[in-house]
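**Student:** Structure provided below as structure tokens; questions to follow.
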Amino acid sequence: MATHMARFRTWNRAHSFGVAAYRRYSSGGGYPNVPLSTPLPGVPKPVFASVDEREKCETKVTTLENGLRVASQNKFGQFCTVGVLVNSGSRHEAKFPSGISHFLEKLAFSSTAQYGSKDEILLTLEKHGGICDCQTSRDTTMYAVSAEVKGLDTVVGLLADAVLHPRLTDEEIEMTRMAVRFELEDLNMRPDPEPLLTEMIHAAAYRGNTVGLPRFCPQDNVEKIDRNLLHTYLRSYYTPDRMVLAGVGIEHEQLVACARKYLLGVKPVWGAGTPGKVDLSVAGYTGGIVKTEKDMSDVSLGPTPIPELTHIMIGLESCSFLEDDFIPFAVLNMLMGGGGSFSAGGPGKGMFTRLYLNVLNRHHWMYNATSYHHSYEDSGLLCIHASADPRQVREMVEIITREFIQMGGTPGEMELERAKTQLKSMLMMNLESRPVIFEDVGRQVLATGKRKLPHELCDLISNVTASDIKRVTTKMLRSKPAVAALGDLTELPSYEHIQTALSSKDGRLPRMYRLFR
């Protein structure tokens with residue numbers, strides 16, 4: 001009887017969907033074969049949440065009575081990213097021993113007036129599924145927390161405490177000294193020299209001023225930095241008018257209410273005395289060369305050691321991110337592209353960029369050729385990093401100077417469109433991530449008081465023409481080069497020869513004749 005009823009149910013289903021739309025399992029059961037393009041029978045039609053288009057995209061900014069700006073971007077989800085960005089970094093340390101920002105980064109989220117230790121802070125965040133981080137750059141310090149939206153009040157209170165009421169105990173400062181020493185040692189030992197070269201190229205390009213000041217604490221200054229010095233610096237630079245409270249994934253009104261509660265009328269731990277004079281120096285591009293002779297033969301030992309390499313970085317002045325030419329420079333940087341000689345992938349990985357096609361594909365002995373663009377509120381630097389065997393340094397430098405000269409030509413229509421498309425693609429893919437949106441909102445509002453939305457940036461990228469690329473390159477090639485060199489520099493051409501090559505029509509180095517080799 002049971003078998004008869006099962007067959008009857010099977011026949012009814014087959015009759016409903018059609019015999020051809022019904023499949024049987026080997027066990028005798030079956031399931032309807034409904035195509036994916038057809039709604040499932042009996043399933044109610046879904047109703048999706050809708051939002052006003054402008055409301056979804058808009059970044060809201062409110063300025064409190066004390067000058068603090070509160071910026072938010074709505075984004076659906078259970079988690080949010082909230083943080084405080086301060087207009088403070090290594091470029092502001094002209095009147096202080098270099099390394100204060102480095103110390104503050106390491107001391108962030110340690111004990112505060114409300115929390116007895118870093119562990120207490122982490123346990124509080126853990127209750128809301130949260131994590132915290134602090135990063136400093138040459139012009140910005142960023143304290144950030146990602147946590148559940150329900151814990152917003154706790155998160156903002158914790159951030160305010162970490163920024164305005166750090167205890168900076170002797171024990172914490174001593175631990176930070178140890179951490180800084182270790183990081184400096186690691187910086188000189190790691191196989192990837194890019195952070196060290198970036199330091200060197202900035203020191204060469206902006207010798208002794210603003211963004212040319214060291215981002216990492218120099219070894220000689222580690223013992224000089226103490227609580228009194230940190231408080232003097234914080235009194236000058238950690239003022240409300242130099243801060244932005246940014247949030248992504250939260251309602252703007254909620255964030256403003258929390259900002260009023262925890263960041264308005266609050267007396268910081270360093271006192272409400274008269275702030276010191278803020279350094280408002282404008283970056284002065286000088287050009288020049290910084291060289292470090294170093295044995296790179298044992299940088300990465302093991303079964304597959306990295307060969308001994310000499311690293312060269314050559315840069316020229318570009319523009320600030322506040323200028324209209326910033327977008328053409330960004331496209332130019334993408335057009336140059338590059339990477340390591342062992343990179344794999346298709347057009348999306350940049351294998352059709354100039355540094356791949358003209359350099360890495362033609363010169364098998366070159367280990368790396370990559371373009372970088374560093375931009376600040378008053379200047380910028382476009383540079384190319386290359387590495388090769390020490391015996392071929394001269395040839396490598398000439399290849400890079402020729403690439404700089406060739407930038408001055410009119411780019412082809414296809415390569416320009418590819419670079420623009422790749423830049424837009426990279427921008428939109430990065431802005432899928434909530435922490436990246438948070439940083440974008442915070443940095444833009446800190447620098448300009450407002451935010452350009454992604455679709456506006458994409459329109460600006462689309463409007464870049466071949467003549468724009470030629471114009472900005474011609475302007476860039478008039479500046480003096482900045483050169484950083486690391487490794488065995490026996491074959492390195494002189495700075496004057498590099499400068500001559502970048503002033504010539506073909507980018508070639510002056511010929512050298514030797515009687516003896």
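**Student:** If we restrict to alpha carbons, what Rg and Dmax does segment 184-268 come to, in Å?
**Tutor:** 18.8, 48
**Student:** In whole Å and largest first, what semi-axes does the C-alpha gyration tensor of segment 109-154 yield when each eigenvalue is scaled by 5 and square-rooted?
**Tutor:** Taking √(5λ) for each Cα gyration eigenvalue gives 20, 15, 8 Å.
**Student:** Now for a separate question. Just to be sure I understand: of the beta bridges DSSP finds with both ends in the chain, what percent are antiparallel, rounded to 5?
**Tutor:** 85
**Student:** Run the quick spin-label model on GLN392 and PHE352: label points 7 Å from Cα toward the beta carbon, then report their separation in nm to one decimal.
**Tutor:** 2.7
**Student:** Of the labelled options [x] 24.5; [y] 23.1; [z] 26.5, which one gives Kirkwood radius over Cα pairs in Å as computed for this structure?
**Tutor:** Label [z] holds the value from this structure.
**Student:** Based solely on its DSSP helices, what 222 nm [θ] is calculated for the chain when runs of n ≥ 4 H residues each add -39,500 (n - 2.57) and the sum is averaged over all residues, nearest 500 deg cm²/dmol?
**Tutor:** For the chain, the value works out to -11500 deg cm²/dmol.
**Student:** Each label point is 7 Å from the Cα along the Cα-to-Cβ direction; what then is the distance between the points at GLN135 and GLU293, in nm?
**Tutor:** A separation of 3.7 nm, rounded to one decimal place.
**Student:** Let me ask you something else. In Å and on Cα atoms, what radius of gyration and Dmax does segment 420-517 show?
**Tutor:** 21.0, 63
**Student:** So for the chain, taking the charge dipole from beta-carbon charges (+1 Lys/Arg, -1 Asp/Glu), which of CYS383, ILE289, PHE109 sits furthest toward the positive end?
**Tutor:** Of the options given, the answer is CYS383.
**Student:** For segment 119-212, with only Lys/Arg (+1) and Asp/Glu (-1) charged at the beta-carbon, what is the dipole magnitude about the Cα centre, in debye rounded to 20?
**Tutor:** 360
**Student:** Let me ask something else about it. Excluding same-chain residues fewer than 8 positions from LYS95, which lysines have a Cα within less than 29 Å of its Cα?
**Tutor:** LYS106, LYS224, LYS267, LYS277, LYS291, LYS480
**Student:** From the backbone phi of segment 61-66, what are the Karplus-calculated ³J(HN,Hα) couplings (6.51 cos²θ - 1.76 cosθ + 1.60, θ = phi - 60°) in whole Hz, Gly and Pro given as x?
**Tutor:** Working through the residues one at a time gives 10, 10, 9, 7, 4, 8 Hz.
**Student:** Same structure again: How much length would be gained if the chain were fully extended between ARG260 and TRP365, taking 0.36 nm per residue of separation minus their Cα-Cα distance, in nm to one decimal?
**Tutor:** 31.8 nm
**Student:** Something else about it: Output ³J(HN,Hα) for segment 104-119: one whole-Hz value per residue in order, computed from phi by the Karplus curve 6.51 cos²θ - 1.76 cosθ + 1.60 with θ = phi - 60°, and x for Gly and Pro.
**Tutor:** 4, 4, 6, 7, 4, 6, 8, 4, 10, 4, 9, 10, x, 7, 5, 4
**Student:** Divide, for segment 197-340, the radius of gyration over alpha carbons by 2.2 N^0.38 Å, where N is the residue count.
**Tutor:** Dividing the Cα Rg of segment 197-340 by 2.2 N^0.38 Å gives 1.50.
**Student:** Suppose every K and R has +1 on its Cβ and every D and E has -1 on its Cβ; what is the size of the dipole of the chain about the Cα centre, in Debye to the nearest 20?
**Tutor:** That gives the chain a dipole magnitude of about 1520 debye.
**Student:** Per residue, how much accessible area does the chain show when a 1.4 Å probe rolls over the protein heavy atoms, in square angstrom?
**Tutor:** 50
**Student:** Sticking with this one: As an exercise, find the ratio Rg/Rh for segment 70-150 from alpha-carbon atoms, using the Kirkwood inverse-distance average for Rh.
**Tutor:** 1.04
**Student:** Based on the mean of other beta carbon atoms within 10 Å per residue, what is the order of 410-417, 150-157, 75-82, most packed first?
**Tutor:** Peptide ranking by packing, descending: 150-157, 75-82, 410-417.
**Student:** Would you mind computing, in nm to one decimal, how far apart the modelled labels at THR465 and MET429 are, each placed 7 Å from Cα along Cα→Cβ?
**Tutor:** Label-label distance for THR465 and MET429, simple model: 3.0 nm.
**Student:** Report in % the part of the accessible area of the chain that belongs to carbon and sulfur, leaving out ligands and nucleic acids; probe 1.4 Å.
**Tutor:** After summing per-atom areas, the C and S share lands at 55 percent.
The values are calculated or read from the model by the stated rules, or taken from the named source; none is laboratory data. Since we're looking at a predicted model, the values are computed, not measured. Please note: Cβ atoms are built from the backbone with ideal geometry, for glycine as well, and neighbour counts cover all protein chains shown. Ligands, DNA and RNA are excluded from the accessible area calculation, which covers all protein heavy atoms including side chains. Shrake-Rupley method; radii C 1.70, N 1.55, O 1.52, S 1.80 Å.
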